[in-house]
Structures are given as structure tokens and as C-alpha cells.
1. Can you name the residue in segment 8-28 that is crowded, with 18+ Cβ neighbours inside 10 Å and of a type in the set (Val, Ile, Thr) and is also farthest from the chain's Cα centre (by Cα) among such residues?
2. Among (1) hydroxyl-bearing (Ser, Thr, Tyr); (2) in contact with a Gly (Cβ under 9 Å, 6 or more places away or on another chain); (3) not assigned by TED's automatic domain parsing to the domain that holds Cys138, where does Ser106 come up short?
3. Name the single residue that is farthest from the chain's Cα centre (by Cα) among those in segment 84-109 being in contact (Cβ under 8 Å) with a residue 60 or more places away in the chain and under 21 Å from Arg31 (Cα atoms).
4. Would you mind stating whether Gln71 is farther than 20 Å from Arg40 by Cα, surrounded by fewer than 19 Cβ atoms within 10 Å (Cβ to Cβ) and not charged (D, E, K, R)?
5. Among (1) in contact with a strand residue (DSSP E or B) (Cβ under 7 Å, 6 or more places away or on another chain); (2) of a type in the set (Gly, Ala, Ser); (3) surrounded by fewer than 19 Cβ atoms within 10 Å (Cβ to Cβ), there is one condition Ser123 misses while meeting the rest; what is its number?
6. Is it true that Thr129 is in contact with a strand residue (DSSP E or B) (Cβ under 9 Å, 6 or more places away or on another chain), surrounded by fewer than 18 Cβ atoms within 10 Å (Cβ to Cβ) and β-branched (Val, Ile, Thr)?
7. Listed residues Ala50, Ala98, Ala112; which is under 19 Å from Arg150 (Cα atoms), surrounded by 14 or more Cβ atoms within 10 Å (Cβ to Cβ) and in contact with a Lys or Arg (Cβ under 6 Å, 6 or more places away or on another chain)?
8. Kindly indicate whether Arg73 is at pLDDT 95 or above and either assigned by TED's automatic domain parsing to the domain that holds Gly139 or at positive phi (or both).
Amino acid sequence: MTQKISVSLTVNGQSRTVSALPDTPLLWVLREELKLTGTRFGCGVGQCGACTVHIDGEPNYACLNPISAMQGRTVTTIEGLAPNGDHPLQRAWVAEQAPQCGYCQSGQIMRAAGLLRTNRRPSREDIVTYMQPIICRCGTYGRIVRAIERASREG
């Protein structure tokens, strides 16, 4: 029988200590223990990207990262991207009406934030290539690309 471990990490700028079984995915700790439900469960096997968060500043799948690997790490969720929901990407998402059902949108925005952090003026091709790992079942890819382009311009 595996016992729970205590893990200290920073989540959305706050030091947190959580207790969970070592192989518990970060996704479930965020949603169930920390009540940060903006990060979505999609497939659970790292193929859809709905659970994308930033770990130490890089987009990563929360469903694939066990809490045991999070000791001392920094995690940013959609709730921590901009406390007032006014990040340029969030504003652009609304302006371009990017979401349809909205389920994948937190993962899309977190992935896009990773792109704009490293490439402030991506080409359309850069955007399409970088965003490929995130699946939108509604097919609003055109609006998502336009939102990223807008955020890049308006920053």
C-alpha cells in the first residue's frame, strides 16, 4: 500500500503544501485539493492538451505529471495567468469569440501564453505549428489563431 507524501510547490504565486499519493496526477491535485477547476480533464493521457498548465514557465500537461515530481516547482494555471482575467490572450479570446463549447480553452490559452512568452510576434505558421498539440473538438482553430495574432499585436 502506497502512502501519501507531502509536496511543497508554488501555485499561481502562492506557496502550497499538498498531501497525495505519489502517482496522483498534478491535474487532480489542482482540481480536487486546491479547487482550481479551470484546468480541465480531457483525455488523461497527454493527447488533447485540455489540461495544459505552466510548470516552471513551460506549457506542460497536468495529467501526465505526478505530484511526486512537483516538489519545489512553480505551477501556473489559467486562474494564475491574470488574476482579473485581463491577460492580453484572455481579452483577445473574448474579442475574437474563440470558444464555442469552451472546454479546451484554458489549455489553448496556456499553450498560447507559452508561445507569446518566447515569440512576441509569431507568424501564422508559427502559431499553427505551436498550437497543434491542443485539440479543439468544436474546430474553432481559425478564431484561436486570430485571437493569438490579436494578443501579439495588442499585447
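The values are calculated or read from the model by the stated rules, or taken from the named source; none is laboratory data. Quick caveat: nothing in here was measured; it's all calculated off a predicted structure. For neighbour counting, all protein chains shown are included, and Cβ atoms are generated from backbone atoms with ideal geometry for every residue, glycine included.
1. Here the residue is Val18.
2. (3)
3. Tyr103
4. Working: farther than 20 Å from Arg40 by Cα: yes; surrounded by fewer than 19 Cβ atoms within 10 Å (Cβ to Cβ): yes; not charged (D, E, K, R): yes.
Considered against the rule, which asks whether it is farther than 20 Å from Arg40 by Cα, surrounded by fewer than 19 Cβ atoms within 10 Å (Cβ to Cβ) and not charged (D, E, K, R), Gln71 comes out as yes.
5. So Ser123 meets the others, but not (1).
6. In short, no.
7. On the way: Ala50 fails: under 19 Å from Arg150 (Cα atoms); Ala112 fails: in contact with a Lys or Arg (Cβ under 6 Å, 6 or more places away or on another chain).
Of the residues listed, the single one that is under 19 Å from Arg150 (Cα atoms), surrounded by 14 or more Cβ atoms within 10 Å (Cβ to Cβ) and in contact with a Lys or Arg (Cβ under 6 Å, 6 or more places away or on another chain) is Ala98.
8. Considered against the rule, which asks whether it is at pLDDT 95 or above and either assigned by TED's automatic domain parsing to the domain that holds Gly139 or at positive phi (or both), Arg73 comes out as no.
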